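Worksheet for the structure shown next.
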Amino acid sequence: MPREFEWQDETLGSEDFYREDLEDLLEEGAWKEGFNEWTEYTNLDEKQVRIVSDLGLFQAFDFYWDPTEDRLRFDAPTVSDDWQERDATASLDPSTVSTIDGELADLGRTVREVLEDYLERNDEASDYGWGEETYGKRQE
């Protein structure tokens, strides 16, 4: 269940988040393209990126289609409160933790934009079923 998702009475139980389809697009290059774009402007240094990787935060992103709002969304991971217990070698002050959390949200937005581009490119005949009838326009 996505963190920010709110069930709607009229769609309860019929939600399809299309995670598998999005995962395929991420594996086809959307993640790498978005990640590379993000690395061009992120404020994280190499050591902080390594810590994020060691904590498994890059793998913890959740990209999904929100059927109630007809849009692509994501949940970005955050540095958990028990990060010191999980990685005793990392030394992060609260300001750095806040910076990392903000940068992860930025990464999520960047990758979401790339995914949206992939969806537009695949809009016609797609193996994933992406298209105007499925996404981007409300069905009446």
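In the stretch 107-132, of all residues being aliphatic (A, V, I, L, M) and over 17 Å from F17 (Cβ atoms), the one that is modelled with the highest pLDDT corresponds to L107.
Does the stretch 31-45 contain any residue that is modelled with pLDDT under 85 and either farther than 20 Å from D106 by Cα or surrounded by 17 or more Cβ atoms within 10 Å (Cβ to Cβ) (or both)? Checked against the condition, which is being modelled with pLDDT under 85 and either farther than 20 Å from D106 by Cα or surrounded by 17 or more Cβ atoms within 10 Å (Cβ to Cβ) (or both), the stretch 31-45 yields no hits at all.
The values are calculated or read from the model by the stated rules, or taken from the named source; none is laboratory data. The model shown is predicted, which means the values in this text are computed figures rather than measured ones. Cβ coordinates were reconstructed from backbone atoms using ideal geometry, including for glycine residues, and neighbour counts include every protein chain displayed.
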